[in-house]
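Note sheet for the following structure.
Here, each number is a calculation from the coordinates, and none is a lab measurement. All values derive from a computational prediction rather than experimental measurement. Cβ placement follows ideal geometry from the backbone for every residue including glycine, while neighbour counts extend to all protein chains displayed.
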Amino acid sequence: MGLNIINHPLILDKLTRMRKIETSSKDFRENLNEIGQLMAYEIFRDVPLKEIDIETPVTKTKGYTVDLPVVLVPIIRAGLGMTEGIQRLVPTSRIAHIGLYRNEETLEPVQYYAKQTEDMDKSYVLVVDPMLATGGSAAKAIEIAKEWGAKNIKFVCLVAVQEGVDKILASHPEIEIYTASLDPVLNEKGYISPGLGDAGDRIFGTK
């Protein structure tokens, strides 16, 4: 268990485009969705399959289908921007939602919204947020997913720093973390550096 860095050339190319300050919200969103889709190939490598009987235009044969329901759990709001690409690859996946904000005095994440799906305990669950900075929100979201009964959980992000990785693994040592990049540091404002800025603002064109 631990950190998995998916540094495929196509992912690195798209991530570089996203990092550029001049990249528009439209291009940022499109590249984020495409990276999510590319990352999903690696993330779902161990998803269990069930053998089924099918018939092709030529003959009867055996085929395979994913054996577990897939649930995506974006951390609102930036996590929503990474969900569409993964869902394109797994169109039967369901989406739960977790809304968190940071208490400015305690700096701890506070839950303001949560909506689960059915059968979380029987599902293959991906908690999604483009940025893994301090790790507080990610660790809290994983905790909430566990409270819903989820057992098979992975955390998926675009850019991470070691501080955030360590926070998740200290609280949830069994969790697999998938990212496209492990950046060097958090700056004095708590932004990942070099990072790509505020992912939510860049996805939705807000300030």
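The value given for the chain is a Kirkwood hydrodynamic radius of 17.6 Å, derived from the mean inverse Cα-Cα separation. Only aspartates and glutamates eight or more places from Lys50 in sequence, or on another chain, were considered; those with a Cα closer than 17 Å are Asp67.
Only Cα pairs under 8 Å and 6+ residues apart enter the sum, and on that basis the relative contact order of the stretch 11-154 stands at 20 percent.
Antiparallel beta bridges, as assigned by DSSP with both residues in the chain, represent about 40 percent of the total such bridges. Overall shape of the stretch 118-182 was characterised from the C-alpha gyration tensor. The equivalent ellipsoid obtained from it has semi-axes of 20, 12, 9 Å, in decreasing order. The residues Val70, Val156, when put in order of fewest to most other Cβ atoms within 10 Å, stand as Val70, Val156.
Within straight-line reach of Lys14, meaning a Cα separation under 20 Å, sit the following aspartates and glutamates at least 8 residues removed in sequence or on another chain: Glu22, Asp27, Glu30, Glu34, Glu42, Glu84, Asp129, Asp183, Asp198, Asp201. Note on Arg45, Arg17: ascending count of other Cβ atoms within 10 Å places them as Arg45, Arg17, the fewest first. Its DSSP H runs of at least 4 residues, each contributing -39,500 (n - 2.57), put the calculated 222 nm mean residue ellipticity of the chain at -10000 deg cm²/dmol, to the nearest 500. Lysine pair count for the stretch 65-207 with Cα-Cα distance under 22 Å and sequence separation of 8 or more or different chains is 18.
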